[in-house]
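Here the structure is laid out as structure tokens; the discussion comes afterwards.
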Amino acid sequence: MLSTVLASVGHGHGRVRAVHGWVSPEGALSAECMAIHFRELAHGTAAEGAQFTVRILGPRARCVACGTTYEPVHSMGRCPKCHGNVIQMEERLPLGVDRIELETP
Ligand SMILES: [Zn+2]
């Protein structure tokens, strides 16, 4: 995940001020653990000292009939729009990055 951040930053684009990421609730790493891990890896890079925030992001389902995406926990597995019950769980990585803030010169 940190390599994604650093790849986005590249060279000569200034320092990273903050990183906003997410982790799935069933992921191996807790949000707190990820933040510690991130700070260790960021040492000596453009992301050193960056503020790191992680949110827990639940699984999402997609309705095959109308394409609506929603969190299945809140709708008993049925599509909230058309009430269809043919759904697909979206495949997703256990963690990722939402947004990277760079320091403006
Ligand atoms: Zn639907």
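Since every read-out is calculated from the coordinates, none of them should be taken as a lab result. Please read these numbers as outputs of a predicted model, since none were measured by experiment. Every residue, glycine as well, gets a Cβ built from its backbone with ideal geometry; the counts of neighbours run over all protein chains shown.
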Expressed in nanometres to one decimal, the distance between label points 7 Å along Cα→Cβ at LYS81 and GLU40 is 4.3 nm
Low-density loop GluC sites (Glu not before Pro), segment 43-101, at most 11 other Cβ within 10 Å, DSSP non-H/G/I/E/B, are GLU90, GLU91
PRE zone check, label point 7 Å out along Cα-to-Cβ of GLU26, amide N under 17 Å, scope segment 40-84, hits 56-62, 70-78
Listed by chain and number, the residues whose amide H is under 5 Å from that of VAL54, excluding neighbours fewer than 5 places away on the same chain and using placed H, are GLY21
The extension gain from ARG92 to THR104, computed as 0.36 nm times the residue separation minus the Cα-Cα distance, is 1.1 nm
